[in-house]
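Data first, discussion second: the structure below is written as structure tokens.
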Amino acid sequence: MQEELKKIVSNAINEIKEAKKENDLLNIKSKYLGKKSKLAELMSNLKSMSIEEKKKYGSLFNKIKKDLESKVNERITEVNVTKDIDFDDTLPVEAKLGSLHPVTIVAKEVTDILKRMGFSVVSGPEMEEEYFNFVALNIPDDHPARDMQDTYYLDNGKLLRTHTSPNQVHAMQKYGAPIRMCAPGRCFRNEDLDASHENTFFQVEGMVIDKNISIGNLMYTMKELLSAIFERDVDVRVRPGFFPFVEPGVEIDCSCLICGGKGCPTCKNSGWIELCPGGMIHPNVLKESGIDPEVYNGFAFGLGITRLAMMKYKIDDIRVLNSGDLRVLDKFNVE
Amino acid sequence: MLISCNRLKNYIKDSANIDFLTIWDKFSLMTAEVEGVNVKGKDVDGVVVAQILECEPVENSKKLHKLLVDNGKEKLQIICGAPNVRVGLKAPLVNVGGHVCGIKITTRKLAGLESFGMMCSAEELGFAEGCEGILELPDDFEVGRDIKDYLPLEDIIVEIDNKSLTNRPDLWGHYGIAREIAAITSHELLPLDLLNIKNDKEDLDIKIKNPLCLRYTGLKIANISKNETPLDMQIFLYYTGMRSISLIVDLTNFLMLELGQPMHAFDARKVDSIEIDTAKAKDEFITLDNEKRILNSNTLMIKKNNDYFAIAGVMGGLDSEILEDTTSIILESATFDAASIRRTATYLGLRTEASARYEKSLDPNMTITAIKRLAYLLKKFDPNIKMASNITDVYPKELKEKQVILKKATLKKYMNIDIESDFIIKTLNSLGFKVKDQKETFKITVPTFRATKDISIEADIVEEIARMYGYENIRLEPLKLELSFKELENTQEKEYEVKRLLATKFNLNEVHSYLWYKTNLLNKTKINKENIKLLGKNEDNILRDDLGLTLIDMANNNLKYYNNVGIFEIGTEFIDGENRRALSIVLADSYKKQEKLFYALKEIIITIFKTFYNCPVSFVKSKSFDYYNENLTFDIYAQNQNLGFITSLKANVASSISKKKSFLVLKIDFDKYEKLKKEDFLYQNVSKYPTVTLDYTILMAKDKKYEVIKNALEEFKSPIIKDVIYIDRYMGEKENKYTIRYVVGSDDATLTSEELQDFKNKFINHIKKSGLSIIE
């Protein structure tokens, strides 16, 4: 009898699995568990069995009945649910999203890194006084440095800032020392536009003032910063560079991102790419900003955000950045 | 600036031990940026000194000559087209198999005659341009010798970035570069050979009448008979970017390239006495490039009464130029105020090699050395010259050496490393400084060639030591950790969070635009703007006082490619002479969508304030620029402040740039916005008892605005109102239908059906009394 039961159960389970409609399942149920089912017939044999056999088969019958019933019910739910998602699930979906400007994205990345290094983000005016743009930065009248920067002078005696460095003076005057700040912002130079020249571009200024700041601090900070920006371990090297508001002034190079320093066309086989100017803040700038250079010293650097954005996104024409052309800008999304 | 390594070798003892091809990597790291290193003369080989033995014209040819030439080994037939061929002339010959100009010389036929090699010019040897004949070599050149035995064609020419030399007047000549190389490689710098000139003659008549001339040194030299510049100097001049002109002019240029001291030679027939003073405004002067220059009252001139001889420090005059028959000259070796020269060069639009150097603040103590050096070289080439005056030196205020005290503690602070005193002293000495070690400090005497502006304080000396020690040897040092990371400002954060919301929730695109209005746009739209102007520009020169207008232009440009555009920027506007930060949003679509855009913009504003300040916004009818539609202009109020406005470009203005388009504009004064305070959100208990939702449809004539319904709803008060929500509007033919939802309930008990009925009755009555109809 056990063999027979096994066979019934396995047949029933197969049929339940195969069934696709609720009606069919109800028919299977009555076929295997109904009054005229084989099972019912076998159960009727119970009467003629011994007490021990009755016990054994009675509970077995019950178990089989219960199992099959729940299998049928489960399958009914299943076939009905399958019917619920009876739709075309292959239509295209558009994830609508605006975009942030690539410079905004890169500026945020850079300042986020600097913030983790303890820098506060500050800002300053784009229309600036000559005093802050030049004089306070140790760039007096007729200094050749003013040659290097073709300045947009305005008819009200002010100018459009040529670099973010005036923020050094603003920050020192506002917050004093010690301080760690960075200042991203637009800068302006009277340039003719072409694929690599813009009259409006972004920089981020960085400045640290404290007691006992060393050139090694500057180099360490730049290595950490650039490694974080480029998401790989880069080397930095510094060379002498002349900027009136720093002394010593340096050019900061970064190991070539393409060849890693071995030499390639991008780095003109030098293994290095020139990335940003910097140096130890000139004592005259500290003095002018109300900080005693005998007590405090510090470093500063200026990193080209526009240039970083172009490197990151491989933009080969700087003009698209200020073009407002959404066919290009819409691609940038938010992060 | 171009530097010849051959020349540098003359100034450094044991220079053979220096690898001049690779030293420039170090120079870049220690001194200034090297832009290129070019090897010269390697492309010339197989060229020998040859002599023409026979010379006859080739039949049926206008130019060609058939030559018999001795190349030291054999006598060759050469066919040559140069006009200056003659019997006895020594000239360079490229033998068959030799190279010039990247070409291999082979036996070839000219006019049917075979030529076994090629006579060549200075141009073909790579040190001149536009040569008309073959190079004529001096008679003492030995026939058959390799030309390179006589001519320094092989050289390494190094290009140094001028910008990296702006603070180093001493590096604007080879001798200064040699000093650096000597210091970098621990070699000895050799002194220059000078002519000792006895001051036993008369002084020249030189008067400095303006303090912008810092020093003027003159010398008259007579009996000059040579005019030809030696070939090696011609090669040097050519390789370093100059052109050989005549012996005297070449020597003045050579001195400028050697010492960085610009010099000038006047023809003594034209100039016999000199005064230095500014010009009379509007006077004219013809410079030796044959250009008429209009002077101004700040132009410093070399002159005599009303005769001008030269623009000081910029360029000499055509009139007093050295000519072929000049035998007597007055040499000028002077120093002028750097800023004055720069202003003059800028004013005249005339940048010369001389002015470029004077702008850097040259050392006035160099003038006598330069004059003695020039005299030495001239005498070497032309031994019969005579000094016809004393070295006449007018030097009103002598520049003395400067003292700088370097505290050892300062050096340690910057370098974070102990550097041996020996190294410091040796390094500074090799750069021309004198150093006295005084326990806690170094007393440093700065040579005047570094003292004009480059070195004046301690930090300047730190740089000298740091660069020569090698920045690559400095230990990287993390900053000390601070315990407080308090933010000083949060402007960037505020800007970024708004930008992000606009891009992600409202799918807007951020753009960046210029600070000035496009003239083109103003013309097209006939919008008149008065504001701060950029100097020196006639177009696109008015700074914007409305970022929105700039964005309208950008949005419009995009409407060529898109049906609708939504862009924004946070940027600077210039209002009442001040910088103001503004957030501006422009939504553009077809004119039919104006209402939709208007509400979209309202939703954006309300969302911004709700998200970041949890505060409500209200709109008050207002006015803005005259190109905006007054009927659609509303000031935005939050926390009792006017924070900006929303508006729409007037239809007639819009149609001047795009047909049937609508431009909705939002401006938020970001300076004010970022200072708002976030309003607290207070926890509110949810009633335990159920609420009831009641939807009503109110009808109103089409010419009326929702405001009427809004006022009616606000007047209706009841303690059981939990919420009133505007759901929808249906536009009928005569009337519009508005669906309003009331949520009613009590915190104390479930509403009874009587209470509910009472509410309904009262509400319907109220609406009817307000002159509106309601579907019951």
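The values are calculated or read from the model by the stated rules, or taken from the named source; none is laboratory data. What you are looking at is a predicted structure, and each value in this text was computed from that prediction instead of being measured. Here the Cβ positions follow ideal geometry from the backbone for every residue, glycine too, while neighbour counts run over all protein chains shown.
Whenever a residue of the range B:364-386 is of a type in the set (S, T, N, Q), its partners that are outside any loop (DSSP other than H, G, I, E, B), lying with C-beta atoms within less than 7 angstrom and at least six residues away or across chains, give the pairs B:Asn365/B:Thr448; B:Thr367/B:Arg215; B:Thr367/B:Thr217; B:Thr367/B:Ser333; B:Thr367/B:Ala334; B:Thr367/B:Thr335; B:Thr369/B:Leu259. Could you tell me whether the range B:420-441 includes any residue that is under 27 Å from A:Thr221 (Cα atoms), in contact with a helix residue (DSSP H, G or I) (Cβ under 6 Å, 6 or more places away or on another chain) and surrounded by fewer than 17 Cβ atoms within 10 Å (Cβ to Cβ)? No, that holds for no residue.
Considering only residues in the range A:151-177 that are within 8 Å of chain B (Cβ to nearest Cβ), part of a strand (DSSP E or B) and without any contact (Cβ under 8 Å) to a residue 40 or more places away in the chain, the one that is surrounded by the most Cβ atoms within 10 Å (Cβ to Cβ) turns out to be A:Leu160.
Are any residues in the range B:541-596 in a loop (DSSP other than H, G, I, E, B) and not polar (S, T, N, Q), and if so, which ones?
Taking the range B:541-596 first, the residues in a loop (DSSP other than H, G, I, E, B) are B:541, B:544-546, B:559-564, B:576-577.
Of everything in the range B:541-596, those that are in a loop (DSSP other than H, G, I, E, B) and not polar (S, T, N, Q) turn out to be B:Arg544, B:Asp545, B:Asp546, B:Leu559, B:Lys560, B:Tyr561, B:Tyr562, B:Asp576, B:Gly577.
Residues in the range B:418-469 that are of a type outside the set (Lys, Arg), part of a strand (DSSP E or B) and without any contact (Cβ under 8 Å) to a residue 24 or more places away in the chain were compared, and the one that is farthest from B:Ser28 (Cα to Cα) is B:Gln438.
In the range B:444-466, is there at least one residue being at pLDDT 95 or above, over 30 Å from B:Glu359 (Cα atoms) and more than 7 Å from every other protein chain (Cβ to nearest Cβ)? No.
Determine if the range B:6-15 includes at least one residue that is on the phi > 0 side of the Ramachandran plot, in the same structural domain as B:Ala122 (by TED's automatic domain parsing) and either surrounded by fewer than 13 Cβ atoms within 10 Å (Cβ to Cβ) or outside any strand (DSSP E or B) (or both). Break it down into steps so the answer makes sense when it comes.
Narrowing the range B:6-15 to residues on the phi > 0 side of the Ramachandran plot: B:14.
Add one more test, that the residue is in the same structural domain as B:Ala122 (by TED's automatic domain parsing), and what stays is none.
Looking for residues that are on the phi > 0 side of the Ramachandran plot, in the same structural domain as B:Ala122 (by TED's automatic domain parsing) and either surrounded by fewer than 13 Cβ atoms within 10 Å (Cβ to Cβ) or outside any strand (DSSP E or B) (or both), one finds none in the range B:6-15, hence no.
Annotation: A:Cys259 fulfils all but one of (1) modelled with pLDDT of 95 or more; (2) more than 23 Å from B:Ile184 (Cβ to Cβ); the unmet one is (1).
Of all the residues in the range B:356-378, those that are under 32 Å from the mean Cα position of the chain (by Cα) and charged (D, E, K, R) number 4.
Looking only at the range B:582-641, residues that are under 29 Å from B:Leu682 (Cα atoms) and in contact with a strand residue (DSSP E or B) (Cβ under 8 Å, 6 or more places away or on another chain) come to 18 in all. The requirement of being crowded, with 16+ Cβ neighbours inside 10 Å, of a type in the set (S, T, N, Q) and farther than 22 Å from B:Ser662 by Cβ is fulfilled somewhere in the range B:525-535, by at least one residue. For the range B:92-127, a residue qualifies if it is in contact (Cβ under 8 Å) with a residue 40 or more places away in the chain and part of a helix (DSSP H, G or I), and the qualifying residues are B:Ala122, B:Leu125. A search for C-beta distances below 8 Å between a residue of the range B:620-634 that is free of Cβ contacts under 8 Å to residues at least 60 places away in the same chain and within 12 Å of B:Ala651 (Cα to Cα) and any residue that is of a type in the set (Val, Ile, Thr) and assigned to a strand (DSSP E or B), counting only pairs 6+ apart in sequence or on different chains, returns B:Tyr628/B:Thr647; B:Tyr628/B:Val665; B:Asn629/B:Thr647; B:Leu632/B:Ile646; B:Leu632/B:Thr647.
Please report, ordered by residue number, the strands (runs of 3 or more DSSP E) entirely within the range B:277-360 with at least 3 residues that are out of contact with any Ser or Thr (no Cβ under 6 Å at 6 or more places or on another chain).
Per the criteria, B:284-286, B:300-304, B:307-311, B:329-336.
Counting only strands (runs of 3 or more DSSP E) that sit completely within the range A:178-255, those holding 2 or more residues that are more than 10 Å from chain B (Cβ to nearest Cβ) correspond to A:200-210, A:246-255.
Of a type in the set (Val, Ile, Thr) and within 14 Å of chain A (Cβ to nearest Cβ): which single residue out of B:Thr367, B:Thr327, B:Thr352, B:Thr344 fits that description? Walk me through how you get there before you give the answer.
Values: B:Thr367 fails: within 14 Å of chain A (Cβ to nearest Cβ); B:Thr327 fails: within 14 Å of chain A (Cβ to nearest Cβ); B:Thr352 fails: within 14 Å of chain A (Cβ to nearest Cβ).
Criteria check complete, one pass: B:Thr344.
Is it the case that the range B:669-689 has a residue that's farther than 27 Å from B:Ile604 by Cβ, at pLDDT 90 or above, surrounded by 13 or more Cβ atoms within 10 Å (Cβ to Cβ) and of a type outside the set (Lys, Arg)? No; the residues of the range B:669-689 include none that is farther than 27 Å from B:Ile604 by Cβ, at pLDDT 90 or above, surrounded by 13 or more Cβ atoms within 10 Å (Cβ to Cβ) and of a type outside the set (Lys, Arg).
Residue pairs whose Cβ atoms lie under 9 Å apart, sitting 6 or more positions apart in sequence or on different chains, and linking a residue in the range B:727-745 that is outside any strand (DSSP E or B) to a partner that is of a type in the set (D, E, K, R) and surrounded by 14 or more Cβ atoms within 10 Å (Cβ to Cβ), are B:Gly745/B:Lys722.
Starting from the range B:493-507, take each residue that is more than 9 Å from every other protein chain (Cβ to nearest Cβ) and list its partners that are aliphatic (A, V, I, L, M) and assigned to a helix (DSSP H, G or I), counting only C-beta distances under 9 angstrom and pairs at least six apart or across chains. Close Cβ pairs satisfying both conditions: B:Val498/B:Ile608; B:Leu501/B:Ile604; B:Leu501/B:Ile608.
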